[in-house]
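Just below is one structure, and these are the notes that go with it.
The values are calculated or read from the model by the stated rules, or taken from the named source; none is laboratory data. Everything numeric in this text was worked out from a predicted model, so none of it was measured. All Cβ positions, even for glycine, are placed from backbone atoms using ideal geometry, and neighbour counts span all protein chains on display. Heads up: the accessible areas ignore ligands, DNA and RNA and are worked out on the full protein's heavy atoms, side chains in. Shrake-Rupley method; radii C 1.70, N 1.55, O 1.52, S 1.80 Å.
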Amino acid sequence: MTRAGKRGRAWVPGAGAGLGLVLLASIGLPYVLVQLAGLGLIREGRKARRELALTFDDGPDPQTTPAVLDALAAAGAQATFFVVTPRARAHPELIARMLAEGHQVEPHAQRHVHAWLRTPWGAARDPLWAARQLAAITGQPATLHRPPHGAYTLGTLWGQRRAGVRGAHWSVEGRDWHPASTPRSVRERLGRLVYPGAVVVLHDAGPGARVTVPLLPDLLADLRARGYGFVTMGGLGGAQPGDLAALRRRAFLLLDHLFDRAGNIRPVGGRADTLFRLGPVAFPLAGVRLADGTPVPKGTPAAEFHVNNPLIVDIGPRNAVRQGRSRDLPFMARDLASRPDLRDAEVIFCLSALSPLLGIVHFEMQTIPAADERRLRRWANVLRWVYGSQGEAQPPRLSILSRAEYLRLYGEQTEPGAS
């Protein structure tokens with residue numbers, strides 16, 4: 001082979017770096033900023049009302065979608081369906097039923113293909129074609145679009161912009177599509193993860209339907225018993241496109257999650273919609289005595305609880321006290337009595353600027369050392385900035401009760417396993 005031939009096949013300097021930059025711009029940045037961080041996407045509402053948005057992807061399917069609609073109708077629930085437009089054209093009677101029963105119908109895809117596996121122009125055309133074709137069926141313009149697998153490229157974003165639709169994601173994934181999922185496992189998963197304002201994704205067609213169809217009546221009954229209402233994404237209060245403020249909140253929730261994992265801190269009752277998270281610690285302060293004179297030496301086995309800041313901010317202090325008294329404080333008593341890692345805890349406490357609220361529910365209030373107060377107040381002001389609260393945080397205080405007193409107030413007469 002000649003030198004010229006070798007030169008003809010030589011790699012052009014910088015071509016690999018150029019391809020990497022193209023992939024980063026087309027896929028990497030949308031994945032991080034949009035798909036993960038949620039910038040520009042609607043993925044949840046405010047937590048002020050006890051409601052959530054159930055969404056169903058991949059239909060309609062005449063074998064499974066009617067059963068989903070039947071379950072929703074029996075529960076008096078509204079939902080949002082993200083439909084594949086060729087299936088919608090093939091079954092317009094199901095689309096008509098969805099609309100007649102008060103559901104929201106939005107485009108999912110013209111072709112159900114992951115955006116990363118499509119050409120840029122194919123990814124850009126799909127939202128536009130899907131929105132136009134669905135509008136021709138429903139007689140009303142599309143407002144939202146959820147791409148297959150919730151995956152984004154620059155092409156997807158450009159296509160949504162041309163179609164005049166807003167990207168719609170989710171905050172709780174049912175994972176009904178997973179081969180190992182069962183109706184029971186998904187029901188338990190959603191029971192743990194849902195919270196006011198959540199957007200839940202399930203499937204009324206495809207692999208997920210084998211789980212969702214038998215699951216749905218019991219799931220709706222469970223959530224209704226917990227006080228939830230079911231609305232469309234368009235009717236979900238406070239559902240706005242993610243901005244930098246929302247990104248701050250998500251970043252701090254991630255920090256909370258990492259902190260909780262490191263300290264074995266769990267939501268009380270095993271549910272994300274409760275006000276408190278509870279974990280085992282060695283008591284961190286010295287010189288503390290309870291109101292009856294009992295000393296609490298530094299290092300005493302203890303249970304520390306942390307508040308669910310975004311929930312308290314949205315529902316307000318009065319509703320927080322009401323929810324705590326009626327449900328979450330008894331849940332915490334059950335955890336205190338039953339969790340093996342809390343069986344030795346002698347006191348239960350919280351270090352927080354929300355001590356006035358905890359005083360209402362019978363916790364003893366005590367001042368803390370000045371250095372700890374300054375440190376915790378700085379952190380409380382950071383949290384107020386993150387969650388959009390006005391004004392300065394109150395001075396943090398120690399809220400504390402003995403184990404026995406807490407269980408007397410909020411627990412059963414005897415702990416599980418006690419004689």
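Just a few scattered comments:
- Any strands (runs of 3 or more DSSP E) falling wholly within the range 312-419 and containing at least 2 residues that are under 14 Å from Leu278 (Cβ atoms): 347-352, 397-402
- Leading residue by the ranking (least open to solvent (accessible area, probe 1.4 Å)) among those in the range 24-57 that are touching a Ser or Thr at 6+ places or on another chain (Cβ under 9 Å) and over 25 Å from Ala272 (Cα atoms): Pro30
- The single residue among Ser419, Ser399, Ser389 that is modelled with pLDDT of 95 or more and on the phi < 0 side of the Ramachandran plot turns out to be Ser399.
- Considered as a group, the residues in the range 293-328 that are over 14 Å from Leu354 (Cβ atoms) and under 21 Å from the mean Cα position of the chain (by Cα) include one that is surrounded by the most Cβ atoms within 10 Å (Cβ to Cβ), and that residue is Asp314.
- Only one of Ser171, Ser185 that is out of contact with any strand residue (DSSP E or B) (no Cβ under 8 Å at 6 or more places or on another chain) and hydroxyl-bearing (Ser, Thr, Tyr): Ser185
- The set of residues in the range 207-246 that are out of contact with any Ser or Thr (no Cβ under 9 Å at 6 or more places or on another chain), free of Cβ contacts under 8 Å to residues at least 60 places away in the same chain, of a type in the set (A, V, I, L, M, F, W, C) and under 17 Å from Ala53 (Cβ atoms) is empty.
- Close contacts from the range 331-349, counting a first residue that is within 14 Å of Val296 (Cα to Cα) and a second that is of a type outside the set (Phe, Trp, Tyr) and assigned to a helix (DSSP H, G or I), with Cβ to Cβ under 8 Å and a gap of 6+ residues or different chains, come to Ala345/Leu336; Ala345/Arg403; Glu346/Arg403; Val347/Arg403; Ile348/Met332; Ile348/Leu336; Ile348/Arg403.
- Residues (open to solvent by 10 Å² or more (accessible area, probe 1.4 Å), in a loop (DSSP other than H, G, I, E, B) and not aliphatic (A, V, I, L, M)) located in the range 176-216: Trp177, His178, Pro179, Ser181, Thr182, Tyr195, Gly206, Pro207
- So Ala353, is it in contact with a helix residue (DSSP H, G or I) (Cβ under 8 Å, 6 or more places away or on another chain), modelled with pLDDT of 95 or more and crowded, with 20+ Cβ neighbours inside 10 Å: no
A quick yes/no check of all residues on (1) under 29 Å from Pro30 (Cβ atoms); (2) modelled with pLDDT under 95; (3) not charged (D, E, K, R):
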position	(1), (2), (3)
Ser171	yes, no, yes
His178	yes, no, yes
Arg192	no, no, no
Tyr195	yes, no, yes
Leu202	yes, no, yes
Asp222	no, no, no
Gly227	no, no, yes
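- Filtering the range 261-283 to residues that are touching a strand residue (DSSP E or B) at 6+ places or on another chain (Cβ under 9 Å) and either without any contact (Cβ under 8 Å) to a residue 24 or more places away in the chain or among the hydroxyl-bearing types (Ser, Thr, Tyr) (or both) leaves Gly263, Thr274, Val281, Ala282.
- Ser326 modelled with pLDDT of 95 or more and not charged (D, E, K, R): no
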